[in-house]
Amino acid sequence: MGKRYPNPRKVKIHRNYTVEEAAELLGAHKNTVRQWIKRGLPVIDDRRPMLILGSDLADFLQSLRTKNKKSCKPGEMYCLRCRIPKSPAFNEAEYRPKTESLGNLFGLCPDCGAGMYRSINPTKLERIRGKLEITFPEGVRRIVDCKHPPVNSDFRQGT
C-alpha cells in the first residue's frame, strides 16, 4: 500500500510541538517526524527538545500531500495498481451514477488489467470525455414494470 500522509488540518498553527507531541497528534511514529525534519521540516532551533511551529508542520504536511498528487487529463482515469492516470483499454469506460450530482467512470487498465476509476459530475461529462467511448448501462427491469409478468409470479395487476 502507498504512503498516506497525515491530515494537516489536525495541526493547530498557533502552537509549538515537540517531536513526540507531533507524532502522537498525527498518529505517526516519532522517527517518522524526525525523518521529516531531515527532509526539510523546519524546527525553531537545534537545541533539545526540538520544537516545531504548528504552521510549519501544517505547511510541510500539505506540501507532502500535493507533491505526489497526479491529476487526470480529459480522457484519462486513475489506475489503482499502477498509481498513475492513463487512458483505459480500448478507450472505453462505463458511467455508473451514485447520486443526482455525482457518478463514477469505470474502465480497465491497458497495462495491468486492474480497475480504473474517476469520480465525476455528470454535467461535466463532455469536458472530461476526451476520446473515451462512455456507455450508460440501463437499470435492471423489475417484474412490476412488465405488462405481462411471468406465470410463476405472485404479482397480479389491479390488486
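We did not get these values from a lab; they are worked out from the coordinates using the rules stated. In this text, all values refer to a predicted model and were calculated from it rather than measured experimentally. Here the Cβ positions follow ideal geometry from the backbone for every residue, glycine too, while neighbour counts run over all protein chains shown.
Any chance you could tell me what percent of the C-alpha pair distances in the range 77-135 go past 18 Å? Don't jump to the answer; show the numbers that get you there.
Numbers: 463 of 1711 pairs.
For the range 77-135, the fraction of Cα-Cα distances above 18 Å is 27 percent.
Test of understanding: ordering LYS86, LYS10 by Cβ neighbours within 10 Å, fewest first, what list do you get?
LYS10, LYS86
Run the dipole for the chain about the Cα centre, Lys and Arg Cβ at +1, Asp and Glu Cβ at -1, nothing else charged, and hand back the magnitude in debye, nearest 20. Before the final figure, lay out the partial values.
On the way: 31 positive and 17 negative charges, 75 e Å.
Dipole of the chain, to the nearest 20 debye: 360 debye.
How long are the semi-axes of the equivalent ellipsoid of the range 8-67, defined as square roots of 5 times the Cα gyration tensor eigenvalues? Whole Å, largest first.
Taking √(5λ) for each Cα gyration eigenvalue gives 15, 12, 12 Å.
Compute the FRET efficiency between GLU24 and LEU80 as 1/(1 + (r/R0)^6), taking r as their Cβ-Cβ distance and R0 = 41 Å, and round to the nearest 0.05.
The computed FRET efficiency comes out at 0.85.
Could you give the nm distance between label points at ILE44 and LYS131, where each point is 7 Å from its Cα heading toward the beta carbon?
It works out to 5.7 nm between the two label points.
If the limit is 24 Å between Cα atoms, which of LYS86/LYS131; LYS12/LYS98; LYS86/LYS124 go over it?
From the list (LYS86/LYS131; LYS12/LYS98; LYS86/LYS124), the Cα-Cα distance tops 24 Å for LYS12/LYS98.
Assuming 0.36 nm per residue, please report the length gained on full extension of the stretch GLN35 to ASN104 beyond their Cα-Cα distance.
Details: separation 69, 0.36 × 69 = 24.84 nm, distance 3.73 nm.
The span from GLN35 to ASN104 would gain 21.1 nm if fully extended.
Within the range 53-70, list the residues whose amide N lies under 18 Å from a label point set 7 Å along Cα→Cβ of ASN7.
55, 57-66
Which order results if ASP45, ASP59 are arranged by neighbouring Cβ count within 10 Å, fewest first? Before the final figure, lay out each step's value.
Details: ASP45 7, ASP59 16.
If I rank by nearby Cβ atoms, fewest first, I get ASP45, ASP59.
For the chain, compute Rg over Rh where Rg is the Cα radius of gyration and Rh is the Kirkwood radius from the inverse mean 1/r over Cα pairs.
Values: Rg = 25.0 Å, Rh = 20.1 Å.
That ratio equals 1.25.
When the chain is modelled as a GNM with alpha-carbon springs shorter than 10 Å, which of ASN104, ASN91, ASN31 fluctuates the most?
ASN31
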